[in-house]
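One structure is given here, and the rest of the page talks about it.
The values are calculated or read from the model by the stated rules, or taken from the named source; none is laboratory data. This is a predicted model, so every value here is computed, not measured. Cβ placement follows ideal geometry from the backbone for every residue including glycine, while neighbour counts extend to all protein chains displayed. We work out accessible area using only protein heavy atoms, side chains counted, and drop any ligands, DNA or RNA first. Shrake-Rupley method; radii C 1.70, N 1.55, O 1.52, S 1.80 Å.
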Amino acid sequence: MILTQESVKLIKEKVPLYPRRKSAILPALTIAYHQLGYVDDDIYREIADIIKVPYVEIAEAATFYTMFPKAPRGKYLIQVCHNISCALLGADSLIGYLEKRLGIAKGETTPDKLFTLISVECLGSCATAPMMQINHDFYENLTPQKVDQILDELRAEA
Amino acid sequence: MFYSPVITNAAEAATNDKLHLFKYVEDPEQHKLETYVKHCGYQAWQKVLAGMKPDEVIDEVKRSGLRGRGGAGFPTGMKWSFVPKNSPKPRYLCCNADESEPGTCKDRVLMERDPHGVIEGMAIAAYAIGCHRMFIYIRGEFGHPIRRMEEAVAEAYKGGHLGKNIYGSGYDLDMVVHTGGGAYICGEETALLNSLEGERGMSRIRPPFPAIEGLYACPTIVNNVESLAAVPHIIRHGADWYKKMGTEKSAGTKIFSLSGHVNRPGNYEVELGFPLKKLIYDPAYGAGIKDGKKLKGVIPGGASTPFLTPDMLEKANLDYESLQSVGSMLGSGAVIVFNEDTCIVWTILKLIHFFRHESCGKCTPCREGTGWLEQVIHRIEDGHGRQGDLEMIENVCGNILGRTICPLGDAAVMPIQSAVKHWRDEWVYHIEHGKCQVKPHFPFK
């Protein structure tokens, strides 16, 4: 088993909340992603065993959504919104700034596996643009100074 | 600090009896049950369970004139009345909190800062349709609002506002916080239901409409967060109070998310019918165009609504009818402002990239059409536009519009069609000269 006892327990608690077991697929994938930072075929099988639905149904759902990558990424996943409201306030330049600061191109992970940088669609922070999401939290109204400070803090924490 | 730092007009709402959604959003304790109750919270829910029949609740909401705040503007009370009275099946209520329309950031603030207001609205709606298990579908990226909502639901159970035999009325109601996996399409109600059932988030053919056969093929109502948040106020103050606000056909207040090139981007609750120009220029709201630039255009209702040009602004009020009369839509109330330095081709490329990415792939016109549009617009933006490209764009748009199961196809097309119509010269220049007339890159500073 790759999923921890805690994750298994959380997934089992989700099942009775729904009239049909299949509804627990997305919550289960989310719990697995929170533990591992990715969800691959082995995890689909573990989830299928726990909530007792066929493996193929897990795979079918998981591959539709953007939040369940099949391979691990950096410890900190930096997702920059590149959609219109953020782009009007410099999101493209923000991505360039992050590429320079991290020494990687968009879509890549730093060699120390600390940061992965990707750009994503609208995250609902349009009036506090530009913004980025790092793991589960939003960082908004970004400026170069703020970005420097955030990266320094994360490096110190790691 | 993961609490949204967004600007609101809560100070105005605190002293203006009409503005109700934002009255307490700047109170740092408002998300807690104790504070919510102190601010008259759950009184409407108590009033309903103490003596209102489900039909009386539906009638009150019908009479109030409340219309769906997610984008379509369908009358909320009428939607509820479509649930069959004699169905032996369970009924479900789903709150649509999959907020992902570019420009829209209002539901997030309500969930984060006033989650009990959403729960109370949902509870009243659930009672009106005879539902005993309700769901809120929150987009998975909303880490903080999800945590806030889960905490609020736990508190509401503890306080006896949810659960078995609520307030001794005999009514049972459970609530489930469900999180999405990252897909704009799940904000479309039938895709949301598929997603909630554990399927890929693809739209369903209607009829049957969800009110007849929705979640698990049972009667289901899907309402937007903001629509439901208005319900407790309507019940507490009455339909007459609510319909006095706004315009004759667009009653009440609405939150507008103002973003882009304005001095004060933010979320502002105003009465429907509020002048769009005032929202952009008044110092109490947008405070004008950033850096003293001129206005080029406005998207008034989220990334899927047609553009307005500065001269159209004069007649545009923020209500369903007025925006329709100037050729656009109120949508989700996301006002995106573009200054004179914005290249229209660059802007449209951003939008079509989004819709191509978010198309679920079920309908061919949308799946293939958005891909074609992105490729053609991309080559124009890259300086490789060809003669006939504009006609091809118009042709593809015409073959998507009205030919898909859900409105995503239409949503992708409408801003493009209006952008080609309003700024055709700019497109032609781009194709002929291989570059744009204006500087397309905005600095990060």
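In this structure residue B:264 has an accessible area near 70 Å², from a 1.4 Å probe over the protein heavy atoms. Take the Cβ atoms of residue B:11 and residue A:52, set R0 to 45 Å, and the FRET efficiency comes out at 0.25.
When +1 charges are put on Lys and Arg Cβ atoms and -1 charges on Asp and Glu Cβ atoms, the dipole computed for segment A:75-158 relative to its Cα centre reaches about 120 debye.
May I ask for the net charge around residue B:59, where only other residues with Cβ less than 15 Å from the Cβ of residue B:59 are counted and Lys, Arg are +1 while Asp, Glu are -1?
Within the 15 Å Cβ shell, the charges total +3.
Once the other residues with Cβ under 14 Å from the Cβ of residue B:6 are scored (Lys, Arg +1; Asp, Glu -1), what is the net sum?
Values: positive: B:106, B:108, B:113, B:264; negative: A:140, B:26, B:99, B:107, B:112, B:114, B:269.
Once all neighbours under 14 Å are counted, the net charge is -3.
With 5 Å bins beginning at zero, the pair-distance distribution over Cα atoms of segment B:207-353 amounts to 2, 9, 16, 19, 17, 14, 10, 7, 4, 2, 0 %. Could you name the lysines in cross-link range of residue A:22, using Cα to Cα under 26 Å and dropping any fewer than eight places away on the same chain? Straight-distance partners of residue A:22: A:9, A:12, A:14, A:52, A:70, B:89, B:164, B:362. With the whole protein complex present, residue B:236 retains an accessible surface near 80 Å², based on a 1.4 Å probe. Other residues whose C-beta falls under 12 angstrom from the C-beta of residue B:333 contribute a net charge of -2, scoring Lys and Arg +1 and Asp and Glu -1.
So how tilted is helix B:408-422 from the main axis of chain B? Cα-based, degrees 0 to 90, rounded to 10. The answer is roughly 40 degrees. Within the assembled protein chains, the solvent-accessible surface assigned to residue B:435 is about 110 Å², based on a 1.4 Å probe.
Translational diffusion coefficient, Stokes-Einstein: compute it for segment B:109-264 using the Kirkwood radius over C-alpha pairs as Rh, at 37 °C and 0.692 mPa s, and state it as an integer in µm² s⁻¹. Using the Kirkwood radius from Cα pairs, D works out to 192 µm²/s. Note on chain B: dipole from Cβ charges, positive end direction compared against B:95, B:260, B:237; the farthest Cα belongs to B:237. Building the convex hull from the alpha-carbon atoms of segment B:304-424 and averaging its projection over directions returns 7.6 nm².
The length gained on full extension between residue B:174 and residue B:86, counted as 0.36 nm times the residue separation minus their Cα-Cα distance, comes to 29.5 nm. Identify all lysines with a Cα-Cα distance to residue B:243 below 24 Å; exclude those on the same chain that are fewer than 8 residues away in sequence. The qualifying lysines are B:18, B:23, B:47, B:53, B:62, B:79, B:106, B:254, B:277, B:278, B:315.
Centre-to-centre separation between the Cα atoms of segment A:35-63 and those of segment B:214-272: 38 Å.
Compared with the dominant principal axis of the Cα atoms in chain A, helix A:41-51 is inclined by about 50°. How many percent of DSSP beta bridges within chain B run antiparallel, rounded to 5? Within chain B, antiparallel bridges account for around 45 percent of the total.
Global size of segment B:226-294: 14.4, 45 Å for Rg and Dmax (C-alpha atoms, Rg to one decimal, Dmax whole).
With a cap of 11 neighbouring Cβ atoms within 10 Å, and only residues DSSP puts in a loop, list the GluC sites (Glu not before Pro) found in segment B:218-321. Could the numbers behind the result be given before it?
Values: sites: B:226, B:248, B:269, B:271, B:314, B:321; in loops: B:248, B:314.
Those satisfying the criteria are B:248, B:314.
So if we plug the beta-carbon distance of residue B:375 and residue A:2 into 1/(1 + (r/R0)^6) with R0 = 51 Å, what FRET efficiency do we get, rounded to 0.05? Calculated transfer efficiency: 0.80.
Computed from point charges on the beta carbon alone (+1 for Lys and Arg, -1 for Asp and Glu), the dipole magnitude for segment B:181-251 about its Cα centre is near 220 Debye.
Placing R0 at 22 angstrom, the Cβ-Cβ distance between residue B:53 and residue B:248 gives a FRET efficiency of 0.20 after rounding to 0.05. In segment B:82-173, the ratio of gyration radius to Kirkwood radius, Rg to Rh, stands at 1.01 when only Cα atoms are counted. Farthest toward the dipole's positive end in chain B, which of B:183, B:247, B:208, given Cβ charges of +1 (Lys, Arg) and -1 (Asp, Glu) about the Cα centre? Of the options given, the answer is B:208. For the protein assembly as shown, the carbon plus sulfur part of the accessible surface works out to 52%, probe radius 1.4 Å. The distance linking segment B:341-407 with segment A:71-110 is 25 Å (Cα centroid to Cα centroid, whole angstrom). Residues whose amide H falls under 5 Å from that of residue B:297, counting only those 5 or more places apart or on a different chain, are B:338, with hydrogens built in the peptide plane. Start at zero, step by 5 Å, and the Cα-Cα distances of segment B:18-111 spread as 2, 9, 14, 18, 22, 19, 10, 4, 1 percent across the bins.
When the other protein chains are added to the chain by itself, burial of at least 10 square angstrom of heavy-atom accessible area (probe 1.4 Å, ligands and nucleic acids ignored) affects these residues of segment B:133-147: B:133, B:135, B:139, B:140, B:141, B:142, B:143, B:147.
Translational D (Stokes-Einstein, µm²/s) of the protein assembly as shown at 10 °C and 1.306 mPa s when Rh comes from the Kirkwood sum over C-alpha pairs?
Details: Rh = 24.6 Å.
For these conditions, the coefficient is 65 µm²/s.
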